[in-house]
């Protein structure tokens, strides 16, 4: 194996370490975002429940005004009942009075049911508010822990990045550009070792990245030349196992 492929393999190892720590940093930051989303969800639920409670209260107020108006009408009907001059007039007023009382009873039941809903909604609002306060405390603790951990991870990333730059400086620009493009495609895994069966009597080769078969000519070329060959299926950069390593 020549200096080009050997350099790319070393760069691959550093790239893998770099990506692993970067992923840890991303997960660390996502943990804070997750808690923030949880808080926003609770706050949205509280606002929705408060709006629902407000609308129910408005409905209660409207029905209570209607009840007040009906009560005034019932009072007038009772007075008219005492002043009725004929049985027919008395009977008509009495029927209207009884109908108004029945309607009042239905409205009162509806108001009571709505008031129960208001009490239930207010209790739920209190519970959600409690959850919000607990979530805020939890979120701040996780944020503090995450910021400390993120600072440590960033230091580690900076150190590995310097190592990456050192190895990358020793690689030709053309080879480095190919490596970068493939690494972006496969989350840093730009290199693939050529695999062969353990049974030496079986002559077959495959890409260690996608496991597709490879022609023997590729192996012959890599055995004798230090050049970049890529898998025709996954486009990873192929290399042979270095027996010296």
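The packing ranking, built from the mean of other Cβ atoms within 10 Å per residue, places the peptides 142-148, 17-23 in the order 17-23, 142-148, highest first. Using only Cα atoms, find the angle between the long axis of helix 173-185 and the longest principal axis of the chain, and express it within 0 to 90 degrees, rounded to the nearest 10. So the inclination is approximately 40 degrees. Which angle between 0 and 90 degrees, to the nearest 10, do you get for helix 87-169 versus the longest principal axis of the chain when only C-alpha atoms count? Result, in degrees: 20. Here segment 177-239 carries DSSP beta bridges of which approximately 60% are antiparallel, counting only pairs with both residues inside. What nm value, rounded to one decimal, do you get for the distance between residue 36 and residue 23 when each label is placed 7 Å out toward the C-beta? A separation of 2.4 nm, rounded to one decimal place. Each of residue 134 and residue 6 was given a label point 7 Å from its Cα along the Cα-to-Cβ line. The distance between the two points is 6.1 nm.
Sorted by packing (mean other beta-carbon atoms within 10 Å per residue), highest first, where do 27-37, 74-84 land? Numbers along the way, then the final one.
Working: 27-37: 14.5, 74-84: 12.7.
Ranking the peptides 27-37, 74-84 by packing returns 27-37, 74-84.
Would you mind calculating the relative contact order of segment 3-171 from Cα pairs under 8 angstrom and at least 6 residues apart, reporting the percent as a whole number? Answer for segment 3-171 is 52 percent. For the chain, the longest principal axis of the alpha carbon atoms and the long axis of helix 3-82 meet at an angle near 10°. From most to least packed by mean Cβ count within 10 Å, the peptides 62-70, 185-193 give 185-193, 62-70. Taking only the C-alpha atoms of segment 154-233, the Rg (one decimal) and the largest Cα-Cα distance, Dmax (whole number), read 15.7, 50 Å. Rounded to the nearest 500, the 222 nm mean residue ellipticity of the chain from helices alone is -28000 deg cm²/dmol, with -39,500 (n - 2.57) taken per DSSP H run of at least 4 residues.
If you take every DSSP beta bridge fully contained in the chain, what fraction is antiparallel? Give it as a percent rounded to 5.
Of all bridge pairs located within the chain, approximately 60 percent are antiparallel.
Convex hull volume of the Cα atoms of the chain, normalised per residue: 239 Å³.
Read-outs: derived from the displayed coordinates by stated rules, not from any lab. Keep in mind that what you see is a predicted model, and the values were worked out from it rather than measured. Using ideal geometry, Cβ is built from the backbone for each residue, glycine included, and neighbour counts are taken over all protein chains shown.
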